[in-house]
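The structure appears right after this line, and notes come after that.
The values are calculated or read from the model by the stated rules, or taken from the named source; none is laboratory data. Here the structure is a predicted model, which is why all the values come from computation and not from measurement. Reconstructed Cβ throughout: ideal geometry from the backbone, glycine too, with neighbour counts over all protein chains shown.
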Amino acid sequence: MNEIIKFKTLAAATGWGRGRVYNDIAETIGNTPLVRLSKIRDKFETKADILLKLEFFNPLSSVKDRIGVSLIDALRLAARSRRDGRR
(Lines give C-alpha, C1' and ligand atoms only; values in the text may rest on other atoms or scores of the structure.)
Protein backbone atom coordinates (compact mmCIF):
# COMPACT_ATOMS: atom_id res chain seq x y z
CA MET A 1 0.00 0.00 0.00
CA ASN A 2 1.96 3.00 -1.28
CA GLU A 3 -0.85 5.53 -1.49
CA ILE A 4 -1.11 8.31 1.05
CA ILE A 5 -4.21 8.27 3.25
CA LYS A 6 -5.57 11.75 3.86
CA PHE A 7 -7.45 12.20 7.10
CA LYS A 8 -9.93 15.05 7.26
CA THR A 9 -8.86 15.97 10.77
CA LEU A 10 -5.27 16.37 9.56
CA ALA A 11 -6.38 18.39 6.54
CA ALA A 12 -8.23 20.76 8.84
CA ALA A 13 -5.18 21.26 11.04
CA THR A 14 -2.75 22.08 8.23
CA GLY A 15 -4.30 25.34 7.13
CA TRP A 16 -7.30 27.36 8.14
CA GLY A 17 -8.79 30.69 7.40
CA ARG A 18 -12.12 32.39 7.01
CA GLY A 19 -11.38 33.30 3.39
CA ARG A 20 -10.23 29.82 2.42
CA VAL A 21 -12.35 27.58 0.19
CA TYR A 22 -12.78 24.07 1.61
CA ASN A 23 -13.42 20.85 -0.31
CA ASP A 24 -16.00 19.72 2.24
CA ILE A 25 -17.40 20.77 5.60
CA ALA A 26 -15.29 18.25 7.53
CA GLU A 27 -12.13 20.25 6.75
CA THR A 28 -13.40 23.12 8.89
CA ILE A 29 -13.52 21.02 12.06
CA GLY A 30 -10.87 21.54 14.70
CA ASN A 31 -10.11 25.22 14.29
CA THR A 32 -12.62 26.85 16.59
CA PRO A 33 -11.71 30.53 16.89
CA LEU A 34 -10.93 32.16 20.23
CA VAL A 35 -11.74 35.82 20.90
CA ARG A 36 -10.00 37.85 23.62
CA LEU A 37 -12.37 39.98 25.73
CA SER A 38 -9.98 42.86 26.41
CA LYS A 39 -12.67 45.36 27.42
CA ILE A 40 -13.95 43.05 30.18
CA ARG A 41 -10.40 42.45 31.40
CA ASP A 42 -9.74 46.20 31.48
CA LYS A 43 -13.05 47.04 33.15
CA PHE A 44 -12.41 44.66 36.03
CA GLU A 45 -8.67 45.42 36.10
CA THR A 46 -7.62 41.79 35.99
CA LYS A 47 -4.33 40.44 34.67
CA ALA A 48 -5.95 37.31 33.27
CA ASP A 49 -6.80 37.01 29.59
CA ILE A 50 -10.47 36.20 29.18
CA LEU A 51 -11.09 34.15 26.06
CA LEU A 52 -14.33 33.13 24.40
CA LYS A 53 -14.37 29.94 22.32
CA LEU A 54 -16.81 30.31 19.42
CA GLU A 55 -18.16 26.78 19.03
CA PHE A 56 -20.94 28.01 16.75
CA PHE A 57 -18.26 28.36 14.03
CA ASN A 58 -18.06 24.55 13.90
CA PRO A 59 -20.21 22.93 11.19
CA LEU A 60 -22.71 21.45 13.66
CA SER A 61 -22.14 24.16 16.30
CA SER A 62 -20.71 21.55 18.63
CA VAL A 63 -17.43 20.51 20.23
CA LYS A 64 -18.40 16.94 19.29
CA ASP A 65 -17.69 17.60 15.59
CA ARG A 66 -14.00 16.73 16.04
CA ILE A 67 -14.82 13.43 17.78
CA GLY A 68 -17.25 12.47 15.02
CA VAL A 69 -14.73 13.06 12.24
CA SER A 70 -12.06 11.09 14.14
CA LEU A 71 -14.45 8.13 14.46
CA ILE A 72 -15.25 8.24 10.75
CA ASP A 73 -11.53 8.40 9.86
CA ALA A 74 -10.83 5.39 12.11
CA LEU A 75 -13.65 3.38 10.54
CA ARG A 76 -12.42 4.18 7.03
CA LEU A 77 -8.89 3.11 7.95
CA ALA A 78 -10.19 -0.15 9.48
CA ALA A 79 -12.27 -0.89 6.37
CA ARG A 80 -9.28 -0.19 4.10
CA SER A 81 -7.08 -2.48 6.20
CA ARG A 82 -9.63 -5.30 5.92
CA ARG A 83 -9.84 -4.83 2.15
CA ASP A 84 -6.04 -5.10 1.93
CA GLY A 85 -6.11 -8.36 3.92
CA ARG A 86 -4.92 -6.97 7.26
CA ARG A 87 -6.77 -7.22 10.55
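Here are the numbers for this structure:
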{"quantity": "Which listed residue, of V35, V69, is touching a residue at least 60 places away in the same chain (Cβ under 8 Å) and of a type in the set (A, V, I, L, M)", "calculated": "V69"}
{"quantity": "Wholly within the chain, helices (runs of 4 or more DSSP H) carrying at least 3 residues that are modelled with pLDDT of 75 or more and over 13 Å from the mean Cα position of the chain (by Cα)", "calculated": "38-43, 65-83"}
